[in-house]
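First comes the structure, then the notes that go with it.
The values are calculated or read from the model by the stated rules, or taken from the named source; none is laboratory data. Just so it is clear, the structure is predicted and the values come from calculations on it, not from any experiment. Every residue, glycine as well, gets a Cβ built from its backbone with ideal geometry; the counts of neighbours run over all protein chains shown.
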Amino acid sequence: MAWHPRDRSGSTRVVDLDHAATTRPRPEVVAAMEPFLTDRYGNPSGAHATARDAVRALDEAREQVADVLGCTPGEVVFTSGGTESDVHAVSGGLPPRPGVPVCGAAEHPAVLRTVEALGGEVVRVDPAGRPDLAELADVLERRGGADVLERRGVADVLERRGGVSVVSVMLANNELGTVTDLRPVAEVIRRCAPGVPLHTDAVQAAPWLDLRERAEVADLVSVSAHKFGGPRGAGVLVVRDGLAIRPLLPGGAQERGRRSGSVDVAGAVGLATALVATAAERATVGARVAALRDALVGRLGDAGAGVRPTLGADVAGEVLPNFAHVRVSGVEAEPLLYLLDEAGLRVSSASSCASGAHRPSHVLTAIGAASGGAALRLTLGATTTADDVDHAAAVLLGVVSYLRDRSPADRSPVAPG
């Protein structure tokens, strides 16, 4: 029997399948942060004992992050999150790097909008959202590398020619979950424009992939704590040694002059605690969540309800173990999302950065999948259970059936009581 709004009760069960948007802070993270929100409140920019206590905590967090990410502690810049890290990496700080940035059409808005604002170039992507390497090579060969020109001492010519200042390619797409091998991208850059840095947005990848290996070739790496059980408002930008970068936030010269402002010690400690815990259990959690994801997709497909994966079987390559992007035929996105929310199932129609809009996302447009039914991003997390998956599948199929049974005139987003 199809789900009906009258099935609701005051104790509606909630199942969160929107872990790509944010995750619940881990208990050990909350415990680790609490002292730095109360008694250990020191500013690490100071010189007295209270400040030195904060410095020690910050140094320890930096070392923990560096160990997991495969960099040196001095390469870790604490930020306010993924967006700041992305904008800083792509722009190069203030004033922006000479030249123009380049990215793919399916990048996170923090990257894509920054590239567009700086007059950069956006290359097309394949059906999985990965950048077209041939077009990337063409852009690099046509424009050349800004850093090469700058080292020749002709920065004035650099401004006119608009050499490439940075290439940004996300490690895992935040809507589709598709993973990009960064090594071929780095090879194209080395061949066509040596010296141009490679940035990767690893925000979605960090909970599920080993960044020591997967992001090794990147000169700049963005990470955000709340994607893996850390606090919102805390992030990291890895800046490899030897790469010059100006501060995006000029001021007091904190973070070795790369990011001014009093460092959020509690946030840094929480991020480091979450990252270490996530890395320790990544393999076992990833395997379990992948099996649950496959069971969910299989059950939805086997039901014959017109719920099918957005990425066809012909789309090759790796997908993060927690991602399932599906299309639902015969229903509209707005009433579908409304009723799923009413039924306690938390999902999204695109990324959490789309401001709740139900129009086709720029990612689906870029891969040529803007039409074909309502789009749903279902993302599991470390806390997702088999019972959660069973309940979610039943709710989703029931809501779809309910919407299809109604006449078109009745398909408003407001459910009857």
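Please pick out the residue among H108, H19, H88 that is more than 28 Å from L133 (Cα to Cα) and of a type outside the set (A, V, I, L, M).
H19
Of the conditions (1) over 23 Å from the mean Cα position of the chain (by Cα); (2) farther than 21 Å from G252 by Cα, C103 clears all except one; give me its number.
Among (1) over 23 Å from the mean Cα position of the chain (by Cα); (2) farther than 21 Å from G252 by Cα, the lone unmet condition for C103 is (1).
All but one of (1) closer than 30 Å to G373 by Cβ; (2) surrounded by fewer than 18 Cβ atoms within 10 Å (Cβ to Cβ); (3) polar (S, T, N, Q) hold for T310, so report the exception by its number.
(2)
Mind telling me which of the residues E63, E84, E116 ends up being assigned by TED's automatic domain parsing to the domain that holds E175, assigned to a helix (DSSP H, G or I) and more than 21 Å from the chain's Cα centre (by Cα)?
After applying the criteria, what remains is E63.
Within the range 328-344, can one find any residue that is assigned to a loop (DSSP other than H, G, I, E, B), modelled with pLDDT under 95, of a type outside the set (D, E) and touching a Pro at 6+ places or on another chain (Cβ under 9 Å)?
Looking for residues that are assigned to a loop (DSSP other than H, G, I, E, B), modelled with pLDDT under 95, of a type outside the set (D, E) and touching a Pro at 6+ places or on another chain (Cβ under 9 Å), one finds none in the range 328-344, hence no.
So V331 clears everything in (1) in contact with a helix residue (DSSP H, G or I) (Cβ under 8 Å, 6 or more places away or on another chain); (2) farther than 21 Å from A394 by Cα; (3) crowded, with 19+ Cβ neighbours inside 10 Å except one condition, right? Which one?
The number of the failed condition is (2).
Looking at the range 172-196 only, could you name the residues that are outside any helix (DSSP H, G or I), surrounded by fewer than 24 Cβ atoms within 10 Å (Cβ to Cβ) and either modelled with pLDDT under 95 or in contact with a strand residue (DSSP E or B) (Cβ under 7 Å, 6 or more places away or on another chain) (or both)?
V179, P194, G195
State whether the residues of the range 36-45 include one that is part of a helix (DSSP H, G or I), more than 23 Å from the chain's Cα centre (by Cα) and either in the same structural domain as A244 (by TED's automatic domain parsing) or surrounded by 14 or more Cβ atoms within 10 Å (Cβ to Cβ) (or both).
yes
Mind listing just one residue for me: the one in the range 277-305 that is surrounded by 17 or more Cβ atoms within 10 Å (Cβ to Cβ) and more than 20 Å from T385 (Cβ to Cβ) and, of those, modelled with the highest pLDDT?
The residue in question is A279.
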